[in-house]
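The values are calculated or read from the model by the stated rules, or taken from the named source; none is laboratory data. This one's a predicted model, so the numbers in the text were calculated from it and none came from an experiment. Cβ coordinates were reconstructed from backbone atoms using ideal geometry, including for glycine residues, and neighbour counts include every protein chain displayed. Each accessible area value is taken on the protein alone, full model and side chains, heavy atoms only, with ligands, DNA and RNA left out. Shrake-Rupley method; radii C 1.70, N 1.55, O 1.52, S 1.80 Å.
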Amino acid sequence: EGKEMENKHSLTGIVFNRLREDILSGKYNDNDELKEMTIAKELNVSRTPVREAIRQLEFEGLVESIPNKATYVRGISIKDVKDIYLMRASLERLCVKMVIENLTDEKMARLEEIMELSAFYYEKEKYENILELDNKFHSFLYEAAESKMLSHTLIDFHHYLERIRHTTLSGKERAGHAVEEHKKIVDAIKNKDIEKAMSLAEEHIINSMNNMERLGLLKVRKN
């Protein structure tokens, strides 16, 4: 019985992550209907984990189930995105503080390596590589903070914004600014200047949000 429960929960997790990724990546559009049977067949699972995954998605506000009717994709609104950016800005401040408090030579070397690669790809105008390194930079900071709860929350926020961030970092101007902002954060971490690192980390996320708004790149539902 314990094994069955474990398998059931892991299946639900797999289905949930897959559906959430598909919603956030734009595979599903707002108001698309999610059909349990279709999804179950596509993922080769029973309807039970699909039903449970949909319930979790509803809790996150990504879908809406109409009783006795159907379940529809709701995505995230412009306000949701702004809220996520503002919450992430505050948490990134805390993150860099914890990175400095738990800094090692190995962590510093890794951060500098990411920055060297970012500068290299920017010179080559390889913006897809910069996006990948941007993900690595933030993911490594979350890991280096050595807080499981903080890392989990920031990774979630990062995934929510992935679709929009892909668009904003694909241009030369923002990609260049992002690389420069990362470098300043790394320098402040290296100097163990907590206040400066926190301020720069917050500013970096706010700049990303402002750039997104300036370019009108919010391709999500308005409430």
Taking segment 37-64 and keeping residues in a helix (DSSP H, G or I), surrounded by 16 or more Cβ atoms within 10 Å (Cβ to Cβ) and under 25 Å from the mean Cα position of the chain (by Cα) leaves Ile39, Leu43, Pro49, Val50, Arg51, Glu52, Ala53, Ile54, Gln56, Leu57
Those residues of segment 17-51 which are modelled with pLDDT of 90 or more, farther than 22 Å from Lys69 by Cβ and hydrophobic (A, V, I, L, M, F, W, C) amount to Leu43, Val45
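Among residues belonging to segment 79-108 that are exposed (fewer than 15 other Cβ atoms within 10 Å of the Cβ) and under 17 Å from the mean Cα position of the chain (by Cα), point out the one that is modelled with the lowest pLDDT.
Here the answer is Lys79.
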Odd one out for Arg165, checked against (1) open to solvent by 20 Å² or more (accessible area, probe 1.4 Å); (2) at pLDDT below 95; (3) under 24 Å from Val99 (Cβ atoms)
(1)
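Based on what the data block shows, is Pro67 part of a helix (DSSP H, G or I) and at pLDDT 85 or above?
Details: part of a helix (DSSP H, G or I): no; at pLDDT 85 or above: yes.
No: the conditions fail for Pro67.
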Scanning segment 16-33 for residues that are open to solvent by less than 70 Å² (accessible area, probe 1.4 Å) and part of a loop (DSSP other than H, G, I, E, B) gives Gly26, Tyr28, Asp30, Asp32
Looking at (1) open to solvent by 50 Å² or more (accessible area, probe 1.4 Å); (2) at pLDDT 95 or above, which one does Glu213 not meet, given that it meets all the others?
(2)
Qualifying residue in segment 179-202 (condition: closer than 24 Å to Glu21 by Cβ and either in contact (Cβ under 8 Å) with a residue 40 or more places away in the chain or not in a helix (DSSP H, G or I) (or both))
no
